[in-house]
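The values are calculated or read from the model by the stated rules, or taken from the named source; none is laboratory data. Keep in mind that what you see is a predicted model, and the values were worked out from it rather than measured. In this analysis, Cβ positions are derived from the backbone assuming ideal geometry, glycine residues included, and neighbour counts consider all displayed protein chains.
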Amino acid sequence: MKKMCLHPMFFLGLAIRAVLIIGMTPLAVSDWYVPFLDASISSITLDPWSAWLAGGGTPLAFPYGYAMWLVFLPLTLVAKLVGSPLHYGYGLTLLAADFCLLITLHHLLPGRERLLLAVYWLSPIVVLASYALGLNDLVPALLLTMSVFFMRRVELRLAGCFCAAAISAKLSMVVALPFFAIYLYNNKALRQRIAQLFLGFLTCTLILGVPFLFSNAGLQMLFGNPEMGKIYRVALGLGGNVSVYLVPLIYMVMLYLVWRVRRLNFDLFQATTGMAFLLIVLMTPASPGWFVWSIPFLVLYQAMSGRTAIILIGVFSVLYVLSTLLVTPLLLSNGLDLDFGRVLHVSGQLGNHAASLLHTAMVAIGVVLAIRIWREAITRNDFFRLSRKPFVIGIAGDSGSGKDTYADSITGLFGGHSVVKLSGDDYHRWDRQKPMWQVMTHLNPMANDLEGFCNDVVSLADGKSIQSKHYDHQTGKMSKSFRIKSNDFIIASGLHALYLPILRDCYNLKVYLDIDEALRRQFKLRRDVLQRGHAVERTLTSFEKREPDAERFIRPQSNYADLTLALQPIHPRMLQHVDDKNPLRLKLVVKSRQGFNEVSLNRVLVGVCGLHVDIVLSDDSAEVQMTIEGETSAADIEMAAEMLCPRILEFLDIPPRWQDGMAGLMQLITLSHISQALTKRFI
Amino acid sequence: MKINNQERFARLPDAFLFDTDNTLYPYDPAHAAAQKAVRDKVVNTFSIMPDDFDQAFREARGQVKTRLKHTASSHSRLLYLQRMLEIMGLGSQVLLALDFEQTYWRTFLSNAVLFDGVKDLLDDIRLLGIPTAIVTDLTAQIQFRKIVYFGLDNYFDFIVTSEEAGYDKPHEAPFQIALEKMRPKGDCIWMIGDNPVSDIRGAREKINAVTLQKTHAGVELGTDANAPDASFSEFAALRKLIAKLGFQR
């Protein structure tokens, strides 16, 4: 920040502002705002609007809520106490809000000091609207940007507070509220926290909004404000007395488009909100202050885009200044006015014509900007492109290989709200008591409704809901069918999840769990006896009975997997002496056929997690095998994921449930594969 | 870029030596966050007051530093934390000491951010074909981890830690070992570091290096015997100087 505040551009912007605060006395300030503030500090009251109207003041003077009044109060009071003209207090408040907005944008765009100074601090739109015309739109723009900032930091209570404050400062800010709601609702990780936003919003509304409702004069000034009617000015007459109002129409279409983006991340949220603001202000030409609302969003867009965007917005700003100056004379402090229309001999009808032409050019550039934002910031957005379709993971492995545990650990990362799980167990053809199991094991594909499983995976991958049953391992019976909705991540696990070619084609990532056989038997014995209530003898017998089918139907599926995860004891003999004194220590063998990013993974596993890693390339270089040993913690795994696949972190739950040890390692390796598989969507 | 001895910058060097902590990244914010994380963890684990932690840690650190003087181990967080637990009357508590140490370094790394332009500078040097080495205090394990974390392992040809040299800078051992490893073609060596005594005075007195001090908030510019040949706050400025000398070459 120090770097930014010591930059020559900062001083230039500050000097321009100081000159305008001292040298100009805009009509709106001298006739409305300052007299209103003066009256409200002269007689101590909590309802300055009633006092103002009772004193014969114009209803146009201050059609804003408590937030706006409270923001301007302190410095106006200071100006009064020190005996300086009150419009200095007003101007300095705007300057303070302006600086705070610069700082907020700096927090949103760290390291972009020069860009911020060039496109925000020296923005002709901000300078002209705020300091030459005296319009106070900077205050609601600041409050809204702070709300956006806290939204980004997932501090939703504060985001709600500032959003309510922005609306209190200027009711028109209410147009942003549906975008906030859509963002939070359509982002499932954030949806879990939407109550926090409402709590903050309601608290602030209670403090700033409810008292305002008791001020009849305030309400009269607010709703009697002719600014409110400007949104109806641009209309298409349909004959008779019926018209289509373009601003509400565009707004509603924008809301629909944003809704259709489906899952939004922060960048998409700010881009869509900014685009909506831009289109709304373009259609309301008589409100030069409204353009200030779109500036923070345009700054964020310029930071994301490039030189062309900066040039376009530069031209847009210049056209704004020219078209505004042609129709709006500036009032200097010495009482003289500066009418550019008169100076350029384009006053009257000619002036209007020139201003309209300039405005047309400005709207044209504005529309181009809106199209560019849609194209670059939305449809080219990584998150947008990656989240168009559900991501489908297929997990196969023998019984007891840890499919459910693994699926749960992946679900813990993305959050239960974003994942739908489909288990192959729910597609066993018969309940456990049925006689067919005497001649067939569960591992036989014929004993499972693989066609139904496949149809359901296809439907879920297509975004459709399915009707499914659940196999209860305690009772050995299928439940009645129930509806399962598709979701952002589909995890299809089962003994035969990779068996059918068409199933394999459905998956974005195919995983096979190839656990060490002795270890598998130990895990399965523990699970079947302790969790599922099976007899020990029966479980032991089933190992032998199932072995031929496992060899024939299950293990060959590993040949089709993109990723094979094999959990093994560090030494085979360890299994014989496992007890409390000799806990089992495991290693993970990872085989990948996906053009695995094993070099980066090796770096973070060794350098960050402190693990031992061996990498072996197969003879034909088609497969990479990594053997990983050592202890690692969930925090290390999280740090490693941030380094290894940062792009995917936006898809994770808030906060994601990272795990310690081998489960955490499996999470990390799976995430890196998901990241790579998602990247294919760019190709 | 402030150049104090213009005549020492007539040409590009034959080798670059870099300090790490507070030279390639700002040390204070990372250390403050890490220390806070450990303090919070200790306070929560033992239900003690933060001041008690600070006092015990300060005492432990003082004792370790006094005992080990200017060696790599004198900076060991693990030893500080082990001694702190002992001072608190808990014995060595090996697992807790390790846990707290890992908390420290994990938080430290996740809060450490390279200064702007470091990788660009190292790329420039790589393209000029001049060898580079890190000469740093502290133990090899954590310094290696930092280098990997920052993704700098492919940029530097060599690294010398005080654990390897047996002495912290400004002792001549780390500097000499670096030169032995690098075998520079000539005797013009540039040392870039933040500490006016360890890096600047040490490198000039022990290996007659051209010294460049990286300055930023909290770094005191060396004066008199500790005065560097040049100082800079932004790596972009150093890149410009190197580009200028490279062009002349």
Counting just the residues of region A:555-571 that are assigned to a strand (DSSP E or B) and in contact with a helix residue (DSSP H, G or I) (Cβ under 8 Å, 6 or more places away or on another chain), which one comes out nearest to A:Asp505 (Cα to Cα)? A:Leu563
For region B:81-92: of the residues being aliphatic (A, V, I, L, M) and in a helix (DSSP H, G or I), which is nearest to the other protein chains (Cβ to nearest Cβ)? B:Leu81
Taking region A:530-547 and the residues there that are of a type in the set (Val, Ile, Thr) and surrounded by fewer than 15 Cβ atoms within 10 Å (Cβ to Cβ), the one that is nearest to A:Val511 (Cα to Cα) would be A:Thr541
Candidate set from region A:1-27 (those that are buried (at least 18 other Cβ atoms within 10 Å of the Cβ) and not aromatic (Phe, Trp, Tyr)); member that is farthest from A:Pro63 (Cα to Cα): A:Gly13
Hey, can you tell me all the residues within region B:21-45 that are surrounded by 15 or more Cβ atoms within 10 Å (Cβ to Cβ) and more than 16 Å from the chain's Cα centre (by Cα)? B:Ala33, B:Ala34, B:Gln35, B:Ala37, B:Val38, B:Arg39, B:Lys41, B:Val42, B:Val43
Tell me which of these A:Ala550 doesn't satisfy, since it passes every other one: (1) crowded, with 17+ Cβ neighbours inside 10 Å; (2) in contact with a strand residue (DSSP E or B) (Cβ under 9 Å, 6 or more places away or on another chain); (3) of a type in the set (A, V, I, L, M). (2)
Near pairs, Cβ below 8 angstrom, 6+ apart or cross-chain, from region B:236-249 (closer than 13 Å to B:Ile130 by Cβ) to any residue that is part of a helix (DSSP H, G or I) and of a type in the set (Val, Ile, Thr): B:Ile242/B:Ile125
Quick one: would you say B:Leu121 is crowded, with 16+ Cβ neighbours inside 10 Å and either of a type in the set (S, T, N, Q) or in a helix (DSSP H, G or I) (or both)? yes
Residue under evaluation A:Gly610, criteria (1) surrounded by fewer than 21 Cβ atoms within 10 Å (Cβ to Cβ); (2) of a type outside the set (D, E, K, R); (3) on the phi < 0 side of the Ramachandran plot; (4) within 14 Å of another protein chain (Cβ to nearest Cβ), criterion not met: (3)
For region B:81-98 the number of residues that are closer than 24 Å to B:Asp137 by Cβ and out of contact with any Asp or Glu (no Cβ under 9 Å at 6 or more places or on another chain) is 2
Restricting region B:171-185 to residues that are over 21 Å from B:Leu128 (Cβ atoms) and surrounded by fewer than 21 Cβ atoms within 10 Å (Cβ to Cβ), which is nearest to the other protein chains (Cβ to nearest Cβ)? B:Ile177
Run A:Ala79 past the list (1) free of Cβ contacts under 8 Å to residues at least 60 places away in the same chain; (2) under 27 Å from A:Ser147 (Cβ atoms) and report the number of the one that doesn't hold. (2)
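Is it the case that some residue within region A:282-291 is under 20 Å from the mean Cα position of the chain (by Cα), at pLDDT 85 or above and farther than 20 Å from A:Phe384 by Cβ?
No, region A:282-291 has no match at all.
Go through region B:158-168 and give me each residue that's in a helix (DSSP H, G or I) and closer than 19 Å to B:Tyr27 by Cα. I'd like the intermediate steps shown before the answer.
To start, the set of residues in region B:158-168 that are in a helix (DSSP H, G or I) comprises B:162-165.
Of everything in region B:158-168, just one residue is in a helix (DSSP H, G or I) and closer than 19 Å to B:Tyr27 by Cα, namely B:Ser162.
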Out of B:Leu78, B:Leu95, report the one residue that is free of Cβ contacts under 8 Å to residues at least 40 places away in the same chain, within 14 Å of chain A (Cβ to nearest Cβ) and surrounded by 15 or more Cβ atoms within 10 Å (Cβ to Cβ). B:Leu78
I'm checking my understanding of the structure. Among residues of region A:623-675 that are over 20 Å from the mean Cα position of the chain (by Cα) and of a type in the set (Ser, Thr, Tyr), which one is nearest to A:Gln568 (Cα to Cα)? A:Thr627
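Report whether or not A:Lys581 is at pLDDT below 85, of a type in the set (Lys, Arg) and loosely packed, with under 14 Cβ neighbours inside 10 Å.
In short, yes.
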State all residues of region A:641-654 that are away from chain B (no Cβ under 14 Å) and either of a type outside the set (A, V, I, L, M) or free of Cβ contacts under 8 Å to residues at least 60 places away in the same chain (or both); if no residue qualifies, say none. A:Cys645, A:Arg647, A:Ile648, A:Glu650, A:Phe651, A:Asp653
Looking only at region B:206-231, and only at residues there that are within 14 Å of another protein chain (Cβ to nearest Cβ) and not hydroxyl-bearing (Ser, Thr, Tyr), the one that is surrounded by the fewest Cβ atoms within 10 Å (Cβ to Cβ): B:Ala217
Taking B:Tyr155 as meeting all but one of (1) surrounded by fewer than 20 Cβ atoms within 10 Å (Cβ to Cβ); (2) in a helix (DSSP H, G or I), write down the number of the exception. (2)
Can you tell me how many residues within region A:619-640 are touching a Phe, Trp or Tyr at 6+ places or on another chain (Cβ under 8 Å) and either on the phi > 0 side of the Ramachandran plot or within 14 Å of another protein chain (Cβ to nearest Cβ) (or both)? 4
In the list A:Val604, A:Val616, which residue meets the criterion of being modelled with pLDDT under 90 and more than 10 Å from chain B (Cβ to nearest Cβ)? A:Val616
Residue under question is A:Val368, and the condition is that it be assigned to a helix (DSSP H, G or I), aliphatic (A, V, I, L, M) and over 30 Å from A:Ser542 (Cα atoms); does it hold? yes
For A:Pro296, the lone unmet condition from (1) within 18 Å of the chain's Cα centre (by Cα); (2) in a loop (DSSP other than H, G, I, E, B) is (2)
Members of region B:104-150 that are within 10 Å of another protein chain (Cβ to nearest Cβ), of a type in the set (Ser, Thr, Tyr) and under 16 Å from the mean Cα position of the chain (by Cα): B:Tyr149
Of all residues in region A:596-622 being part of a loop (DSSP other than H, G, I, E, B) and more than 30 Å from the chain's Cα centre (by Cα), which is farthest from A:Ser675 (Cα to Cα)? A:Asp619
Residue satisfying all of: in region A:464-478; within 19 Å of A:Gly394 (Cβ to Cβ) and at pLDDT below 90; surrounded by the fewest Cβ atoms within 10 Å (Cβ to Cβ) among these: A:Tyr471
